[in-house]
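Structure, as structure tokens:
The values are calculated or read from the model by the stated rules, or taken from the named source; none is laboratory data. The model shown is predicted, which means the values in this text are computed figures rather than measured ones. Cβ sites come from the backbone with ideal geometry, for glycine too, and all protein chains shown count toward neighbours.
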Amino acid sequence: MKATMKQIADLHGISVNAVSLALNNKPGVSDEMRSKILRTAEEIGYLENKDKFVRTFSRMNLCVMMQKKYSRDMNFYGRVLYAVVEEAKRNGYDILMNFFDDNNLEVPTMISDHRVAGIVIIGKINDENISKLQTYRIPIILVDHASLTKSVDSILTDNKLGGFIITKYLIDKGFKKIGFFGDLNYSLSIKERFFGFKEALDSFELNHGIVNMTLDEYIGKYSVTEDIEEAVLSNDINKMTECIKTIDQLPEVYICSNDKAAILLLSSLQSLGYHAPNDISVVGFDNIDMCEKINPKLTTVNVNKELMGKRAVQRLIYRISHRDVVSENAVISVDLVERDSVQMP
């Protein structure tokens, strides 16, 4: 049966005229009721084949997309998402969520039917999928990810600075054997954190620790830079423990690519009889809530997750009304958070 405005009116106990005002984006109904009417119109299929109403509806919605695997642990992205929702709400937008498979992206109907004004993508997405979404000519912003080949706005953390300042902090504390623990093939963010680590070692000439070897040889001796991220994402302590067993010589301290890796590493080290920070120090990156809840409390680099979400929405709203301006990568600074997982050697 064909959906009608009267059905919508009856469902909400209001007049057909009020429904018409809401659907045509005219004054006369509250924002709360307008949102309810539009949502109902979408649900019962009233907006199908009604381009004018679809355009009205889309102006009030933003689509937030995240990979399905991130939904297993929202310690980091949950804070970003909360800020996105709050800033969207403050600007009169509703959020429609979509969790996708990066290896087989199915474009949500809300995008293919142009029922959203903009798209926020939180976390990693491959360039092929960015291209697929860009064909719909809906403004897109990436959060905690950037594309080197596609013209698209992004909100990023100053990962290289974070890697640099945490490494300098450890050098200043007298550490001579410093390793990086993170999968360089997993994301651009981890690579940038590693580059900051490497630059700090090079800039401060850690000659007392680099004896009869090049910087690359030193890093190769103490660092683990591949085949660990999937273990981190799935919280696989057995795989992490097996990885540690293959290391010939542990460093005095590990700089981990993120807090989840650091927390899993601490657990794995403990299962092998090592105790932090007495036997080995460990630091993280991100400053998720769990850093305060483990023993020892984790020294880390703080990422302003709420500001990332807020700025993403602000930039996307600007982009919606300024389609032709050049794309922009905004970088948000970081700071060091000292806790209990580091002990001077």
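What to note about this one:
- Put simply, of Ile255, Ile280 the only residue that is within 23 Å of the chain's Cα centre (by Cα), at pLDDT 90 or above, crowded, with 18+ Cβ neighbours inside 10 Å and closer than 15 Å to Lys176 by Cβ is Ile255.
- In region 67-123, residue nearest to Ile263 (Cα to Cα) [restricted to those that are touching a Phe, Trp or Tyr at 6+ places or on another chain (Cβ under 8 Å) and of a type in the set (D, E, K, R)]: Lys68
Residues are listed down the side, and each one gets a yes or a no for (1) outside the structural domain of Ser267 (by the TED database); (2) within 22 Å of Tyr254 (Cα to Cα); (3) aromatic (Phe, Trp, Tyr); (4) surrounded by 13 or more Cβ atoms within 10 Å (Cβ to Cβ):
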site: Asp324; (1), (2), (3), (4): yes, no, no, no
site: Glu338; (1), (2), (3), (4): yes, yes, no, no
site: Ser341; (1), (2), (3), (4): yes, yes, no, yes
site: Met344; (1), (2), (3), (4): yes, yes, no, no
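- Among the candidates Leu201, Leu206, Leu188, residue that is over 20 Å from Ser154 (Cβ atoms), modelled with pLDDT under 90 and out of contact with any Asp or Glu (no Cβ under 7 Å at 6 or more places or on another chain): Leu206
- Enumeration of residues in region 314-336 that are part of a helix (DSSP H, G or I) and of a type outside the set (Lys, Arg): Gln314, Leu316, Ile317, Tyr318, Ile320, Ser321
- Taking every residue in region 1-20 that is closer than 11 Å to Ile44 by Cα and pairing it with any residue that is modelled with pLDDT of 90 or more, at least 6 positions away or on another chain, the pairs with Cβ-Cβ distances below 7 Å are Met5/Val16.
- Of all residue pairs spaced 6 or more apart or on separate chains, those with beta-carbon atoms under 8 Å, a first member in region 57-86 that is more than 23 Å from Ala231 (Cα to Cα) and a second member that is of a type in the set (Phe, Trp, Tyr) are Met60/Tyr93; Asn61/Tyr93; Leu62/Tyr93; Met65/Phe99; Met65/Phe100.
- Looking at region 59-156, the helices (runs of 4 or more DSSP H) lying wholly inside it that each contain 2 or more residues that are crowded, with 18+ Cβ neighbours inside 10 Å and among the small types (Gly, Ala, Ser) sit at 77-90.
- If you filter region 211-252 down to residues that are among the hydroxyl-bearing types (Ser, Thr, Tyr) and more than 23 Å from Val301 (Cβ to Cβ), you find that the one that is surrounded by the fewest Cβ atoms within 10 Å (Cβ to Cβ) is Thr246.
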